[in-house]
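Written below as structure tokens is the structure these notes are about.
The values are calculated or read from the model by the stated rules, or taken from the named source; none is laboratory data. What you see is a predicted model, and the numbers here were worked out from it, not measured in a lab. Here the Cβ positions follow ideal geometry from the backbone for every residue, glycine too, while neighbour counts run over all protein chains shown.
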Amino acid sequence: MKGQEGFFTRLTKSLQLPEDLSKGEVLVSVRGRNCLTVENFKGISCYTPGEIKLITKKGFLSISGKNLKIVFYTKDEIEISGCICKVEIL
């Protein structure tokens with residue numbers, strides 16, 4: 001296992017990938033108060049107009065607000081619109 005970690009570290013550096021992406025960390029980008037993009041999530045746990053809860057590698061990411069909608073999603077990325085009030089890592 002230790003040899004694999006060294007290999008992935010070297011590969012990440014040689015490809016010049018951001019370290020957080022290579023470790024599977026959740027990346028959250030907020031554009032204003034009405035748009036949020038999340039990368040590296042595993043699935044959707046809860047979807048209501050007041051809360052969207054995403055499953056991540058290390059737990060949950062909760063987005064709270066009003067009139068929340070999923071604009072689009074793929075297996076790795078999701079875009080959420082609406083009045084975003086709070087983002088929490090659970």
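The number of residues in segment 74-86 being closer than 16 Å to Thr48 by Cβ and either within 13 Å of the chain's Cα centre (by Cα) or part of a loop (DSSP other than H, G, I, E, B) (or both) comes to 2. Summed over segment 53-73, the residues that are of a type in the set (D, E, K, R) and either part of a strand (DSSP E or B) or buried (at least 16 other Cβ atoms within 10 Å of the Cβ) (or both) give a count of 3.
Here Ser81 fits the description: of a type in the set (Ser, Thr, Tyr), surrounded by 11 or more Cβ atoms within 10 Å (Cβ to Cβ) and either under 14 Å from Val28 (Cα atoms) or in contact (Cβ under 8 Å) with a residue 40 or more places away in the chain (or both). Note on segment 31-52: among residues that are of a type in the set (A, V, I, L, M, F, W, C) and surrounded by fewer than 14 Cβ atoms within 10 Å (Cβ to Cβ), the one that is farthest from Lys86 (Cα to Cα) is Ile44. Residue selection: Lys69 fails the criterion of being at pLDDT 85 or above and in contact with a Cys (Cβ under 7 Å, 6 or more places away or on another chain).
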